[in-house]
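The values are calculated or read from the model by the stated rules, or taken from the named source; none is laboratory data. What you see is a predicted model, and the numbers here were worked out from it, not measured in a lab. Note that each Cβ is placed from the backbone with ideal geometry, even for glycine, and that neighbours are counted across all protein chains shown. For accessibility, only protein heavy atoms count, side chains too; no ligands or nucleic acids. Shrake-Rupley method; radii C 1.70, N 1.55, O 1.52, S 1.80 Å.
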Amino acid sequence: MNPAPKGASTRILEFGIVVAVVFFICLGCEIILRLFFPVYLEGYIGAYQYDKEFGYRLKDDIHLLKTADYQQEILTNKLGTVNFQKNFNGYRTLVFTVGDSFTQGTGLPSDASYPFQLDMLLNMEHDRYVKSYAVVNLGLAAFGGEQNLLALQRYAQKIGKPNFILYLGCSNDYDDDLLFKSGYRHKHLVVGSPYWGWYLRPLMWFSNETEIGKRLKILLARAKHARIFAAQAEKKHMPSNAGKMSVAQLEEPVFNKLIKLSRDYGAQLIVSWTDDSLDGSYQWLKEYAGKNHIAFADWYPAVESVRNGIPGLPMHNPHSGGHYRTWVNGQIAQAFAQQILALEKDSPRSN
């Protein structure tokens, strides 16, 4: 005999049991992962908001502390720059520092970033703080060269044309540019995004506050990045010999625009790179700067000297925030300060 067909109530009950089993399995996995194998995401999504031009940016006038495997500090003023100063009135010289998380100061207290240390180096006179150089930190994590150019132009209009532009490039700048141009950066799960509708908040919570969601977010992002890079190569938006070029060399169009922009503003341009990267970016940019008669902040030899003198001294932070330790940022700041003072000495301006 054929079994009697199941009634609607039976099917609902079976479905409910399946849902309950899946729920408790996921809950168990979440608890185990949270207790024994937590993943710490770099940065704090609650500090960001959607921006039609940039894709995203830090919220204005915030001072947030969040504890992961270290204490994250995210600070901005009402202008949206990463500065303790509320404004830059009273300073005679305007300095814009442009770059990504290495400029912003990710992984460190806000007063340990290289722009803040540069501020101290330039403005301390006879044991007193004097308002001479307004060091405006425009750095933002995961910004590529194209976003940096946009930030520079926005704040030149918002604050005023800078006297100096300091640009610190990074090994992921070119990839970040490809992601930005593809529209990927505009679809991040951040407050104010027009792309996600009513489920924005639940997705933000799931992908940033649950261990399962964090892992899924990382896997999906990697897959998406791979598809975007493959599509860009297929459309010939990448040089055919990109694999043989350093990241800094791939960013040459950005540096060319940067030179033009600095000349339009009447600003002195000083460039540098985050390290002696294996692809040769640091040395390439140093040679590029020489050929184009712009200054280069050559900080890495000093860092190598310190590490030779103190064997075992690490450059990077030992936590999920990564990036350079404070002493390295101090050397970067020192190299930029030397170039600023040398340029002012060679071409003094009336105050």
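Taking the conditions exactly as written (closer than 30 Å to Ile228 by Cα, touching an Asp or Glu at 6+ places or on another chain (Cβ under 8 Å), at pLDDT 95 or above and open to solvent by 10 Å² or more (accessible area, probe 1.4 Å)), does Leu79 satisfy them or not? No. Hey, among Tyr56, Tyr40, Tyr91, Tyr44, which residue is modelled with pLDDT of 95 or more, hydroxyl-bearing (Ser, Thr, Tyr) and either open to solvent by 30 Å² or more (accessible area, probe 1.4 Å) or more than 30 Å from Lys181 (Cα to Cα) (or both)? Only one candidate qualifies: Tyr91. Give me the pairs, please: first residue somewhere in the stretch 156-184 and touching a residue at least 60 places away in the same chain (Cβ under 8 Å) and more than 16 Å from Asp275 (Cβ to Cβ), second residue anywhere and part of a loop (DSSP other than H, G, I, E, B) and open to solvent by less than 10 Å² (accessible area, probe 1.4 Å), beta-carbon distance under 6 Å, and either six or more positions apart or on two chains. Listed by first residue and then by second, the contacts come to Asp176/Gly144; Asp177/Gly144; Phe180/Gly144. Confirm whether Glu146 is closer than 25 Å to Gly99 by Cα and at pLDDT 95 or above. Taking the combined requirement at face value, the residue satisfies it. Of the residues contained in the stretch 340-347, none is found to be within 22 Å of Met124 (Cβ to Cβ) and under 20 Å from the mean Cα position of the chain (by Cα).
Given the structure, is Phe116 open to solvent by 10 Å² or more (accessible area, probe 1.4 Å), of a type outside the set (Val, Ile, Thr) and modelled with pLDDT of 95 or more? The answer is yes for Phe116. Of all the criteria given as (1) over 20 Å from Ser101 (Cβ atoms); (2) in contact (Cβ under 8 Å) with a residue 24 or more places away in the chain, the one not satisfied by Ala230 is (2). One residue stands out in the stretch 180-195 among those that are among the aromatic types (Phe, Trp, Tyr) and under 17 Å from Gln232 (Cα atoms): the one that is surrounded by the fewest Cβ atoms within 10 Å (Cβ to Cβ), namely Tyr184.
When restricted to residues that are open to solvent by 70 Å² or more (accessible area, probe 1.4 Å), of a type in the set (Lys, Arg) and under 22 Å from the mean Cα position of the chain (by Cα), the stretch 196-215 contains 0.
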